[in-house]
1. Filter the stretch 434-453 down to residues that are farther than 13 Å from residue 418 by Cα and assigned to a helix (DSSP H, G or I) and give me whichever is farthest from the chain's Cα centre (by Cα).
2. List pairs: first residue in the stretch 107-121 and among the aromatic types (Phe, Trp, Tyr), second residue exposed (fewer than 14 other Cβ atoms within 10 Å of the Cβ) anywhere in the structure, Cβ distance under 8 angstrom, at least six positions apart or on different chains.
3. For the stretch 189-203, give me each residue that is out of contact with any Ser or Thr (no Cβ under 6 Å at 6 or more places or on another chain), at pLDDT below 80 and either of a type in the set (A, V, I, L, M) or surrounded by fewer than 23 Cβ atoms within 10 Å (Cβ to Cβ) (or both).
4. Name the residues in the stretch 313-369 that are of a type in the set (Asp, Glu) and within 29 Å of the chain's Cα centre (by Cα), would you?
5. Could you pull out the residue among 524, 520, 504, 511 that is within 18 Å of residue 197 (Cβ to Cβ) and not in a loop (DSSP other than H, G, I, E, B)?
6. Name the single residue, out of those in the stretch 48-65 being of a type outside the set (A, V, I, L, M) and in contact with a Leu (Cβ under 9 Å, 6 or more places away or on another chain), that is most open to solvent (accessible area, probe 1.4 Å).
7. Any residue that is touching a strand residue (DSSP E or B) at 6+ places or on another chain (Cβ under 8 Å) and over 26 Å from residue 474 (Cα atoms) - is there at least one of those in the stretch 37-50?
8. Please give the strands (runs of 3 or more DSSP E) falling wholly within the stretch 7-96 in which 1 or more residues are farther than 18 Å from residue 218 by Cβ.
Amino acid sequence: MSAAPGSPLLDVRQLRVSFGGKEVVHGIDFHLQAGEKLALVGESGSGKTVSALSLLRLVPEAQYGGSARFAGLEEVADKTPRDLLALPERQLRGVRGREIAMIFQEPMTALNPLLTVGEQIAEVLQLKKGLAQEESRLLAIELIAKTGIPEPERRARSYPHQLSGGQRQRAMIAMALACRPRLLLADEPTTALDVTLRGQILDLLSQLQRDNGMAVLLITHDLHLVRRFADRVAVMENGHIVEHGPVADVFAAPQHPYTRRLLDSVPTRDVIDTPAPPGAPALLEARGLQVSYPVPRPGLRGWFGRDRFIAVRGADLRLQPGRTLGVVGESGSGKSTLALAALGLLPSSGLLEVAGGRWGQGRAQDRELRRRVQVVFQDPFSSLSPRMTVGEIVGEGLRVHQPGLGAAAREARARAILAEVGLTEAQFPGLLERYPHAFSGGQRQRIAVARALIVEPELLVLDEPTSALDVTIQKQVLGLLQRLQKQHGLAYLLITHDVDVVRAMAHDVIAMRHGEIVEAGPVAQVLDAPRHPYTRQLVAAAA
């Protein structure tokens with residue numbers, strides 16, 4: 001049943017969410033018309049995801065207040081829309097997936113690794129619509145095709161780990177749309193994707209939304225996404241909606257200081273742009289670099305040998321002290337493989353010199369190279385051991401590279417480097433005894449930077465160092481990295497798919513596609529006047 005003309009499809013009033021008596025969402029109001037796209041925007045901890053999940057009561061141990069009335073679920077007595085927050089669990093199970101569906105943030109964790117994507121989509125159709133097994137299988141293939149996944153019949157037989165990130169997200173969308181819901185909740189649906197894939201997923205959602213006439217509630221911290229996709233925007237801070245209105249109005253003239261701060265969080269360039277002197281030594285140099293690894297052959301041939309997949313082919317690059325080389329490209333372009341080779345974590349052929357040496361020339365030389373070349377990974381939560389304290393994590397490198405240093409000296413060095421990245425005992429009493437889970441994402445990334453810096457490296461490999469962070473925290477971490485580079489003369493090999501981050505950080509940039517460098521040069525030249533069609537595509541997707 002559709003909503004009455006003029007009445008909202010979803011009407012949320014005074015929504016409150018609490019955990020153990022502590023309120024985290026404080027009486028928010030918003031509504032959605034049929035066919036409308038509303039973006040709920042804010043940083044991590046603002047309450048946006050909890051608010052969306054609460055509509056289907058998917059938050060464990062939460063207590064709810066207020067109302068969320070959904071048109072089509074009418075009270076028998078007065079025909080008013082029923083409150084989702086007051087529905088019996090059995091009735092709400094009928095609403096989930098059928099009337100209101102959800103796309104979760106990380107498809108690799110949301111999809112069942114033991115079932116093919118076709119089986120998972122078919123399961124929804126069988127449970128929610130009562131279709132027969134063969135009918136649901138054929139419809140699942142049709143849905144996969146509609147989301148733009150090539151070879152839909154073959155991909156329906158694939159497991160989640162056999163799909164790329166973009167394909168997994170499309171499979172999630174197919175599952176969510178299987179029952180043609182009237183409302184779609186999309187929780188950060190493009191966070192883990194490259195800029196070009198983000199654009200494709202947004203275009204796909206817009207097309208499907210128009211075809212099905214459904215409303216979309218988009219939860220995100222990506223302002224580019226909001227500008228491109230949504231009709232209206234509601235800005236959340238600390239469990240309150242502080243501003244709402246049409247996207248064009250809010251972006252053109254934000255009224256609340258928090259909204260203005262979000263919109264001002266584009267990374268800013270603050271690096272020393274003086275060209276390196278001619279003939280200056282390189283900290284990282286590669287000529288004709290190639291990285292490959294074995295892959296199974298299809299069919300019976302797999303019993304008799306393996307093929308080799310070339311992940312990086314004939315790469316040439318040069319990085320000098322105090323400078324940043326940005327490496328951009330989509331997933332599968334070879335940029336992370338290039339970084340792993342530079343770190344000596346993957347075997348390679350061709351010339352690769354790091355800090356004046358080469359990997360594999362002996363244990364002592366490799367150990368010294370590992371001191372001079374350190375890495376900061378993409379996700380600080382997974383790269384920091386949850387069983388080690390901050391003091392143990394940061395001081396671990398000193399145990400390896402300066403074993404003669406006493407415990408007191410290690411602790412003093414750890415405190416000093418943590419202070420340098422902006423974490424002090426005054427802010428966090430018992431700082432060295434705390435564990436990573438006690439810190440925010442941005443603070444954990446600062447700990448990861450401190451861990452790398454404590455052994456006084458000359459080159460830092462930065463693998464998507466801010467992609468998991470909110471825009472305001474991203475800006476802070478990039479400012480920290482810029483300051484540290486100027487203070488210590490560090491060189492950065494920056495792996496990213498974010499063109500704005502490259503503009504802010506890099507002196508030179510290379511664009512990679514299918515394992516090959518397709519364009520290279522100074523950052524202004526490559527990004528402002530790209531010559532290769534692929535580079536132009538990357539730059540256009542970030543606009």
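1. Within the stretch 434-453, the match that is farthest from the chain's Cα centre (by Cα) is 438.
2. none
3. Correct list: 191, 192, 193, 195, 196, 197, 199, 200.
4. Answer for the stretch 313-369, where residues must be of a type in the set (Asp, Glu) and within 29 Å of the chain's Cα centre (by Cα): 316, 330.
5. Of the residues listed, the single one that is within 18 Å of residue 197 (Cβ to Cβ) and not in a loop (DSSP other than H, G, I, E, B) is 511.
6. 64
7. yes
8. By residue number, 10-19, 22-32, 62-74, 81-83.
The values are calculated or read from the model by the stated rules, or taken from the named source; none is laboratory data. Keep in mind that what you see is a predicted model, and the values were worked out from it rather than measured. Every residue, glycine among them, receives a Cβ derived from its backbone with ideal geometry; neighbour counts consider all protein chains shown. These accessible areas exclude ligands, DNA and RNA; they are computed on the full protein's heavy atoms, side chains included. Shrake-Rupley method; radii C 1.70, N 1.55, O 1.52, S 1.80 Å.
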